[in-house]
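Quick notes on the structure that follows.
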Amino acid sequence: MATRLQFENSCEIGAFSKLTNAYCLTAIGGSENFYSAFEAELADVIPVVKTSIGGTRLVGFLSVGNKNGLLLPHTTTDQELQHLRNSLPDQVVVQRIEEKLSALGNCIACNDHVALAHTDLDKETEELLADVLGVEVFRQTVAGNVLSGSYCALSNRGGLVHPHTSIEDLDELSTLLQVPLVAGTVNRGSEAIAAGMVVNDWTAFCGSDTTATELSVIDNVFMLRGDTRPGDGFDGMRKSLLDSYK
Amino acid sequence: MPRRPRRHQRFKSWPITFSPFGRALARMGSISMPKRRSESIENNTPSSASNGFIKHPLDEKPEGSESSDGEFDGVVQADFAFFDPKPNDFHGVKTLLQTYLDVEEWDLSGFVDLILEQTTVGTVVKVEDDEDEGVFALVTALNLWRYREQRCIIKLKDFLLVKASQEKGIADQLRLLLGEQAHNVGLLVSQRVVNLPPQLLPPLYDSLFNEVSWATEDEPTEDLRNSFRFKHYVILSKIYKHKNAEQKRKLSDDSVEEIVYVKPEDEIFHKLSLWSFCFPLRTQQPAPHELKNYRAMGLIMAVEADKIPSFRQELGSLINET
């Protein structure tokens, strides 16, 4: 079941947080409400870490990660890097990269297996994505928009994309990503999906303007109906249910 | 009763950042354009008709106007139009009201919904035919009694009272206005993008106060009609106060202003106000270079409704001077 929340009156919670299957990052806000909402849902399962990136609160827009690793822009300070390395589990590789498109979260959408990247991404970054995050990288636009990270929210079970994505594009992306995809909105009609929500395999958080309809679409496509627990063995089923073309 | 036609203004470019359209404007320079002679008055699109209030934007569609993308001839033309608030304006209006209560966490979405539902009184300024439907300005008046049970209004009243608690004497007057006298008190909300051309202000305020007086006659029920018979307006706004206000008075240096008003009409409201006070703001916003000696403060004031005609007159002359 997805949770609705706000960061200091803003419903763009995807800007201020990053959620994966192994950890969660949140921005440091004026009140503790934001952090507490994540903690309440996740504390027993994965670490929730408060941080800034490059001195800013836009941790969601600037970083990209999954259970295997976390990539940070060159603007990240040494202290922030060290803090993250200390706070995250050992199996998560934290790396700062030199990439001119420094808003990594806006440029790259990923889950634990595949990533959709901005078409102008550096070759080195693509290789780092494959190495550190262990994903297959596809340079793709979403609804004609190069900022694939902004217009697509992805988990291992499903994905939500920009509302104007055509049926052909949806099919193509779904084949690439090997997950069911739905075109929809979040935060009462906002098209910037990843700015408005964060999701992992068992839970999601959306901005508080998200309507009940949008929430039910999210619950459906990401299969969050509450009757599954983390590590449900979905990964095992996945191989037999979905073909992969190598 | 003759309806005053909406006026439509076209302006040179300026930095506005609330929409991709605005950002395109910001990237372009500005050059003077000779005024167009032809004007055509178009009868209105279905986007704004309610209770018999039709808005007539005067369209000035220059022929062959648009500069193509990438060409930097520096001329951008925009036709502003005044509209009734619509549910579609939600995101634009919410952006404008983001810092209305400083950093307070409150039901901002509920407040925006309230404003958008009140179509009889309230105006939203947008660009004609803009696909993004970016909202450049908003003005409305909300009766504090009519909406007294809304969560957002309760929080807003608490916010005002907390800020007033330091001011002896004013706190009691404010409490009266928000409580017993709330039947006739309107919260005047006016927010806009920073560089909105000031020539739009007189028609904008005219439209607000005209709608208020039309509403006292045209609303379907007696209660609603009475709810617009405002005797007082409460205004929450932002100003910049000189950091060395005390020193300033001693030196009586006239070249430096003690208070810089972000919105020009606030100066007139402040002068005509029944009472007013300032409070420090907690939002950290980098001040523009010219304002580095100033601190941003919130300003709360009450203005009697019978001062409004002189306000409208002074606003007209203030804008015409500049």
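The values are calculated or read from the model by the stated rules, or taken from the named source; none is laboratory data. None of the values given here were measured: they were computed from a predicted structure. Here the Cβ positions follow ideal geometry from the backbone for every residue, glycine too, while neighbour counts run over all protein chains shown.
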*What number of residues within region B:297-322 are closer than 19 Å to residue B:231 by Cα and of a type in the set (D, E, K, R)?*
4
*Within region A:165-210, work out how many residues are under 17 Å from residue A:147 (Cα atoms), away from chain B (no Cβ under 14 Å) and assigned to a loop (DSSP other than H, G, I, E, B).*
3
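Condition check ((1) at positive phi; (2) at pLDDT 50 or above) across all residues:
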residue	(1), (2)
B:62	no, no
B:65	no, no
B:90	no, yes
B:102	yes, yes
*Just give me the residues in region B:110-146 being touching a helix residue (DSSP H, G or I) at 6+ places or on another chain (Cβ under 9 Å) and at positive phi, in sequence order.*
B:122, B:133
*Filter region B:296-318 down to the residues that are in contact with a His (Cβ under 8 Å, 6 or more places away or on another chain) and assigned to a strand (DSSP E or B), then identify the one that is farthest from residue B:273 (Cα to Cα).*
B:299
_residue B:117 being away from every other protein chain (no Cβ under 14 Å), under 23 Å from residue A:186 (Cα atoms) and charged (D, E, K, R)_ = yes
*Read through the list (1) out of contact with any strand residue (DSSP E or B) (no Cβ under 7 Å at 6 or more places or on another chain); (2) surrounded by 18 or more Cβ atoms within 10 Å (Cβ to Cβ); (3) of a type outside the set (Ser, Thr, Tyr), then give the number of the only condition that residue A:42 fails.*
(1)
*Search region B:297-322 for residues that are free of Cβ contacts under 8 Å to residues at least 60 places away in the same chain and pair each with any residue that is of a type in the set (D, E, K, R) and in a strand (DSSP E or B) when their beta-carbon atoms are under 9 Å apart and the residues are at least 6 apart or on different chains.*
B:297/B:238; B:297/B:241
*Counted residues, region A:140-160 - those being outside any loop (DSSP other than H, G, I, E, B) and under 17 Å from the mean Cα position of the chain (by Cα)*: 6
*For region A:103-123, state whether one or more residues are out of contact with any Pro (no Cβ under 9 Å at 6 or more places or on another chain), farther than 19 Å from residue A:193 by Cβ and within 14 Å of chain B (Cβ to nearest Cβ).*
no
